[in-house]
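Accompanying notes for the structure given below.
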Amino acid sequence: MLNATSKDASADRQLAAGPTGAGSEVASPASRWRPLLLAAVIIGLLIMARVFGLGERLGALRDWIQSLGAWGPLVFFGLYVAAAVAAIPGSALTVAGGVLFGSFWGVILTLHAATLGAALAFLVSRSLAREAVVRWLSQNRNFQRLDRLTAEHGAIIVALTRLVPIFPYNLLNYGFGLTKVPFWTYLLWTWLCMLPGTVLYVVGADAVFQAVARGEVPWTLVGVLAAVLAVLTVLVRQARQQLQQKELAAAAAPPSPAVAASPAAPELAPQDEYNEALLAQVRPRSWRNPTPASRYNLVVIGAGTAGLVCAAGAAGLGAKVALIERRLLGGDCLNFGCVPSKALIRSSRAAAAVREALAFGVQVPPGVAVDFPQVMARLRRLRAEISHHDSVQRFQELGVEVFLGEARFRGPDTIEVAGQTLRFAKAVIATGGRPVQPAIPGLAEAGFLTNETVFALTERPPRLLVLGGGPIGCELAQAFRRLGSQVTLLHKYDRIMNREDPEAAALVQNRFLQEGIQLLLNATPRRISRTATGKVVHYDCAGQAAEIEVDDILVGAGRAPNVEGLNLGAAGVQYEGGKGRGILVNDRLQTSNPRIYAAGDVCLPYQFTHLADAAARLVIQNALFFGRKKFSALTIPWCTYTDPEVAHVGLGETEARKKGIPYQTWIKPLSEVDRAILDGETAGFVKILTKAGTAKILGATIVARHAGEMISEVATAMAAGLGLGALAGVIHPYPTQAEAIRQTGDLYNRSRLTPTLKGWLSRYLAWRR
Ligand SMILES: Cc1cc2nc3c(=O)[nH]c(=O)nc-3n(C[C@H](O)[C@H](O)[C@H](O)COP(=O)(O)OP(=O)(O)OC[C@H]3O[C@@H](n4cnc5c(N)ncnc54)[C@H](O)[C@@H]3O)c2cc1C
């Protein structure tokens, strides 16, 4: 078919090089040669016809094709499509179409075969090569520009390159697949704009063939040629003018903002090789935001766990996805939460193991000490090593368009980021939370640590006060104590971990006291003052005023959802700010704007990474695929990584009582479990709640060194609807601490052996003797 455009090849070059020639009418040399070229073809055909008797030969070929009946056009069509996909020039086949099938059927067959071949080649290139090319040229400004132009003016560019039959049409098919031109735009304009050229070639060939056969001069051809060329010239000229006008407008507009236009990345101290490596993954300094697509299936705000899972999942299913992050990809979990805290806890466990070694018969030479700067360097190294999972590059490779900057709604279906506007069919708010700063006079002036700054320490605080006895406060208090700090934990309730099972919390509390953590319970800080030697915390405890001097204060007193600054009113999304519930969602995690969903800490009652992940999966189904998944149907386990760990799933006793659900508890102390005895880890238990009179598991609490690993077994049973009795039948390797779960199942099964049932069994066995 057509050998596409000349003028448009030059237009393409201009586009790639910049709008320098915009507005000027530069006649391409190819356009001047085109009529001469066609004339030369016609004269050549006429001479060949005379010299070689081409008329008779073509006539014989046509007779043969016609003798094939319906198969003739089909074979020709198939050959044409195959030639197009194989990038073999198709103009000879187009001419043959005119000769073999006449003007009408020649145009129909060649136009549609060429369009189908072009579509297939486009799809091959788009699905196999576009991603790699985008990655390869991600920082190439010319490519970015071409990408933007094809996204915005795809129709005009395709039209231009199709109308002028010079640039190889079969290469263009693959070339366009590498750009952002939408498929249907490409298909429509390819079909439409190949029509004039196809008519030109096919009708021309048919007319020449007819004239040659009759030995006449092809006046019809000359007329058709003149008409088609006139139409073509007008069309090309208009399309070029439009494109140039748009280019001028684009050139006058402010340039696409780079990441520098967005709020600065948080300080990642210290500035060492590990933090540099982390930044290179989760907020590359040279990053430039892409040009937004005309509309996205899904725009995700926040690249913490919830946002990343949403974006990757949706892009993996073929959705057009944009992901916006104002700070670091990976959010709290990677940068300031789970990952650094667990690295710190591992070091603290190593320190504790050395201290406890003597109890296991291991002599540790004196002088063994914690090298705190090394502990923190290990933390930073491992965090950087893990960070590639959440990197900008990885998400780009997954097909997600990453925008760095603060997101702000402009309307019910538009979001602004770094000066660009993104339109969406669906959006997800996954902006997470932040540490609450308690309103204690003098706290801000004295200075304090939070989870966002504590992992940047390079020197151990000799005296540390931890404010808050929830999971974060408890984990970090024990870790710092084991690493050598003198730690005081101040908590407003009468026991630490007040959301957990009281017996579980009591075990951890005892361990804290044994390890030398000072506990200030039922305590309220009143003010903070500074002295030459440290920070003095003035507090009330059980009605008594008291004070304590420390070097640092670590605040772990709750989290607040990140809802401010999103301009949620413009999107019609209801929320509670401050320490409130955050974004208000229904059971399907949909907000008051039906096209906007929320996931993760910004809207959920429990704040865990695995829950943010589960919520994101639920949102993908509900938002993109008419899913009806309910948050309330999830079975949610969690774990606090103190030593021993406290893990929980489902209902606790307090909740069951509050809900009026009758229950039974089944408890196996670890002091009765062989492996726990051998490990010297008997302070713990497995407690499982069942619905009274049934085996249905309502919930469980496990206190053990690796309770977080063990709780998954009970969570699996609950999710699969297995009763406690069934767990007794699961063979566990001996000796493991997880055997305690099976033994809890045994307790339940034995309870079913009532005296009456036991009597009947005894009689049956006596009869069998
Ligand atoms: C010290 C600590 C330890 C933890 N340990 C564990 C653990 O062991 N296990 C566990 O399951 N959970 C743990 N958590 C909780 C866990 O980190 C969170 O539940 C999880 O990170 C929530 O993910 P998210 O995606 O909802 O929010 P986040 O991870 O907070 O991500 C939200 C993202 O949105 C971005 N954002 C906010 N506003 C905007 C905006 N307007 N525009 C663009 N971007 C925006 C933020 O910069 C952030 O990157 C811990 C938390 C802390 C603080």
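The values are calculated or read from the model by the stated rules, or taken from the named source; none is laboratory data. Bear in mind that the values here come from a model prediction, so they are computed numbers and not experimental data. Positions of Cβ are generated from backbone atoms using ideal geometry, with glycine treated the same way; all protein chains shown enter the neighbour counts. Heavy atoms of the whole protein, side chains included, go into the accessibility calculation; ligands, DNA and RNA do not. Shrake-Rupley method; radii C 1.70, N 1.55, O 1.52, S 1.80 Å.
Of note:
- Members of the stretch 276-302 found to be part of a helix (DSSP H, G or I) and among the aliphatic types (A, V, I, L, M), listed by number: Ala277, Leu278, Leu279, Ala280, Val282
Yes or no, residue by residue, for (1) among the β-branched types (Val, Ile, Thr); (2) at pLDDT 70 or above; (3) touching a Gly at 6+ places or on another chain (Cβ under 8 Å):
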site: Val224; (1), (2), (3): yes, no, yes
site: Val231; (1), (2), (3): yes, yes, no
site: Leu279; (1), (2), (3): no, yes, no
site: Ser286; (1), (2), (3): no, yes, no
site: Pro290; (1), (2), (3): no, yes, no
site: Ser294; (1), (2), (3): no, yes, no
site: Ala312; (1), (2), (3): no, yes, no
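- Of the residues contained in the stretch 535-548, none is found to be open to solvent by 40 Å² or more (accessible area, probe 1.4 Å) and closer than 24 Å to Phe372 by Cβ.
- Condition check for Leu483: over 29 Å from Gly543 (Cα atoms), more than 14 Å from the ligand (Cβ to nearest atom) and open to solvent by less than 10 Å² (accessible area, probe 1.4 Å): yes
- Condition check for Val508: in a loop (DSSP other than H, G, I, E, B) and not charged (D, E, K, R): no
- Some residue of the stretch 618-626 being within 12 Å of the ligand (Cβ to nearest atom), closer than 30 Å to Lys342 by Cα and surrounded by 15 or more Cβ atoms within 10 Å (Cβ to Cβ): yes
- Within the stretch 390-419, residues that are within 17 Å of Arg130 (Cβ to Cβ) have Cβ atoms under 9 Å from residues that are among the aromatic types (Phe, Trp, Tyr) and open to solvent by 10 Å² or more (accessible area, probe 1.4 Å) in these pairs: Val402/Trp287, counting only partners at least 6 apart in sequence or on another chain.
- Qualifying position, being surrounded by fewer than 20 Cβ atoms within 10 Å (Cβ to Cβ) and within 16 Å of the ligand (Cβ to nearest atom), among Glu452, Glu459: Glu452
- Looking at Glu739, Glu672, just one residue is among the acidic types (Asp, Glu) and surrounded by 14 or more Cβ atoms within 10 Å (Cβ to Cβ), and that residue is Glu739.
- Among the residues of the stretch 404-413, the one identified as open to solvent by less than 50 Å² (accessible area, probe 1.4 Å), under 21 Å from Arg327 (Cα atoms) and over 18 Å from the mean Cα position of the chain (by Cα) is Phe409.
- Selection over the stretch 82-92 of residues that are assigned to a helix (DSSP H, G or I), modelled with pLDDT under 80 and not polar (S, T, N, Q) gives a count of 1.
- Checking the stated criteria, Ala719 turns out not to satisfy the condition of being of a type in the set (Gly, Ala, Ser) and either without any contact (Cβ under 8 Å) to a residue 40 or more places away in the chain or crowded, with 19+ Cβ neighbours inside 10 Å (or both).
- Residue that is least open to solvent (accessible area, probe 1.4 Å), among those in the stretch 627-640 that are of a type in the set (S, T, N, Q) and more than 11 Å from the ligand (Cβ to nearest atom): Thr635
- Pairs, first of a type in the set (Lys, Arg) in the stretch 103-128, second open to solvent by less than 10 Å² (accessible area, probe 1.4 Å) and modelled with pLDDT under 90, C-beta under 7 Å, six or more apart: Arg126/Gly177
- Considering Arg526, Arg595, Arg581, Arg530, the condition of being open to solvent by 40 Å² or more (accessible area, probe 1.4 Å), touching a helix residue (DSSP H, G or I) at 6+ places or on another chain (Cβ under 7 Å) and among the basic types (Lys, Arg) is satisfied by Arg530 alone.
- Inclusion of Gly699 among residues that are over 24 Å from Ile636 (Cα atoms) and in contact (Cβ under 8 Å) with a residue 12 or more places away in the chain is not warranted.
- Qualifying positions in the stretch 311-357 - open to solvent by 40 Å² or more (accessible area, probe 1.4 Å), touching a residue at least 40 places away in the same chain (Cβ under 8 Å) and within 16 Å of the ligand (Cβ to nearest atom): Arg326, Arg327, Asp332, Cys338, Lys342
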